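Below: one structure, written as structure tokens.
The values are calculated or read from the model by the stated rules, or taken from the named source; none is laboratory data. These numbers come from a predicted model, not from an experiment. So basically every Cβ, Gly included, is an ideal-geometry build from the backbone, and we count neighbours across all protein chains shown. Note: accessible area is taken over every heavy atom of the protein model, side chains too, but ligands, DNA and RNA are not part of it. Shrake-Rupley method; radii C 1.70, N 1.55, O 1.52, S 1.80 Å.
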Amino acid sequence: PAKPSPETVMEGPSLEHELIALEERYWQSMKDKDAGAATALTDYPCIVAGASGVMSVDEEAFTRMLEGDAWAIKDFTFGEDVQVRQLTEDVAIIAYKIRENLTVEGEAVTMEASDASVWVRREGKWRCALHTESVIGDPYGRDRKPAH
């Protein structure tokens, strides 16, 4: 049989639920600092982009980051505006708003951000290959205090 066109291999309720559950499981593994669970969900090297810049993270660096004590996620809540799109049979993207309650270097921090992940299916299992996080605020950074 002919392979379905990208238009017919689009997101459906089951894929949307599956990717949301995977993303929540990923966040929970970060909250729990469970490197084993997070590693099982990660495609290495994983690319991460956010306010600190862009980096390619291998399994060893990722484990060190998770096991460090500079930060801890206390709680997280996804917004209701989750977007999921399947690009190919084995590649899908998810984007959403998130509220994070963290402790960073001993200080309580609450942050709202827009996040996105690219998931690839390898050997029948979805793994995160790219994750981005953008702190919500003025798109030109005018609401941020200059660093001194």
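As an exercise: evaluate GLU80 against (1) under 22 Å from ALA40 (Cβ atoms); (2) open to solvent by 70 Å² or more (accessible area, probe 1.4 Å) and give the number of the one condition it does not meet.
(1)
Quick one: which of GLU59, GLU67 is over 12 Å from the mean Cα position of the chain (by Cα), within 19 Å of MET30 (Cα to Cα) and surrounded by 13 or more Cβ atoms within 10 Å (Cβ to Cβ)?
GLU59
Residue by residue, here is whether (1) loosely packed, with under 11 Cβ neighbours inside 10 Å; (2) over 18 Å from ILE20 (Cα atoms) holds:
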{"position": "ASP34", "(1), (2)": "no, yes"}
{"position": "ASP43", "(1), (2)": "no, no"}
{"position": "PHE76", "(1), (2)": "no, no"}
{"position": "GLN86", "(1), (2)": "no, no"}
{"position": "ARG99", "(1), (2)": "no, no"}
{"position": "GLU105", "(1), (2)": "yes, yes"}
{"position": "ARG121", "(1), (2)": "no, no"}
{"position": "LYS125", "(1), (2)": "no, no"}
{"position": "TYR140", "(1), (2)": "yes, yes"}
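Considering only the range 81-100, I want to know if a residue exists there that is among the acidic types (Asp, Glu), within 16 Å of the chain's Cα centre (by Cα) and at pLDDT below 95.
yes
Got a number for residues in the range 107-119 being small (Gly, Ala, Ser) and open to solvent by 60 Å² or more (accessible area, probe 1.4 Å)?
1
Return the residues of the range 108-121 that are of a type in the set (D, E, K, R) and either closer than 14 Å to TRP27 by Cβ or modelled with pLDDT under 95 (or both); say none if nothing qualifies.
ASP115 - this is the single residue of the range 108-121 that is of a type in the set (D, E, K, R) and either closer than 14 Å to TRP27 by Cβ or modelled with pLDDT under 95 (or both).
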